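Heads up: the structure comes next, in structure tokens.
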Amino acid sequence: MNDGAVNNADIIDQFSKGLFWNFNREKLDYIKHKDLIIERVIEAGLEEDEILMWRLYSYIDIKNVAVNMSDLLYDDLVYMSCVLNIKEEDFKCYGKTPWFRKC
């Protein structure tokens with residue numbers, strides 16, 4: 001019987017399988033771990049992941065995570081800047097070279 005309650009496992013299962021490759025998906029909670037989920041979607045999510053992210057989380061939640069990310073590829077920074085209507089300079093990672101590009 002479905003009482004209309006949201007099933008956490010069903011929501012997590014909607015995200016791309018590789019997005020949380022280093023986490024136990026069964027222990028991920030879409031509310032408790034929202035910052036992690038938003039960050040992963042911004043970094044490596046597919047279009048479907050992004051659509052789901054916008055359905056689950058508020059503009060404020062997504063903005064707060066995005067602007068405070070330490071490492072973000074420039075293309076992703078530009079994209080999030082446009083989507084969120086925020087200046088690139090307002091992102092914490094603006095002007096920084098991602099750690100994996102320093103090798």
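The values are calculated or read from the model by the stated rules, or taken from the named source; none is laboratory data. The structure presented is a predicted model; accordingly, all values stated were derived computationally and were not measured. Backbone-built Cβ (ideal geometry, glycine too); neighbour counts: all protein chains shown.
Note on the stretch 5-28: residues that are assigned to a helix (DSSP H, G or I) and either in contact with a helix residue (DSSP H, G or I) (Cβ under 9 Å, 6 or more places away or on another chain) or in contact (Cβ under 8 Å) with a residue 40 or more places away in the chain (or both) total 11. In summary, ASN64 fulfils each of the numbered conditions (1) part of a loop (DSSP other than H, G, I, E, B); (2) at pLDDT 95 or above with the single exception of condition (1). Among the residues making up the stretch 67-80, a single one is assigned to a helix (DSSP H, G or I), modelled with pLDDT of 95 or more and either more than 22 Å from GLY18 (Cβ to Cβ) or touching an Asp or Glu at 6+ places or on another chain (Cβ under 8 Å) (or both): VAL67.
Matching residues to (1) surrounded by 11 or more Cβ atoms within 10 Å (Cβ to Cβ); (2) at pLDDT 95 or above; (3) not basic (Lys, Arg):
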residue: ALA5; (1), (2), (3): no, no, yes
residue: ASN8; (1), (2), (3): yes, no, yes
residue: PHE15; (1), (2), (3): yes, yes, yes
residue: LYS34; (1), (2), (3): yes, yes, no
residue: ILE37; (1), (2), (3): yes, yes, yes
residue: ARG40; (1), (2), (3): yes, yes, no
residue: LEU56; (1), (2), (3): yes, yes, yes
residue: VAL83; (1), (2), (3): yes, yes, yes
residue: CYS93; (1), (2), (3): yes, no, yes
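Figure legend. Inter-residue proximity from the stretch 42-55: first residues assigned to a helix (DSSP H, G or I), second residues of a type in the set (Ser, Thr, Tyr), beta-carbon distance below 8 Å, spacing 6+ or different chains. Indicated pairs: GLU48/SER16; ASP49/SER16. Is there a residue in the stretch 62-76 that is of a type in the set (Phe, Trp, Tyr), buried (at least 16 other Cβ atoms within 10 Å of the Cβ) and out of contact with any Ser or Thr (no Cβ under 8 Å at 6 or more places or on another chain)? No, the stretch 62-76 contains no residue that is of a type in the set (Phe, Trp, Tyr), buried (at least 16 other Cβ atoms within 10 Å of the Cβ) and out of contact with any Ser or Thr (no Cβ under 8 Å at 6 or more places or on another chain).
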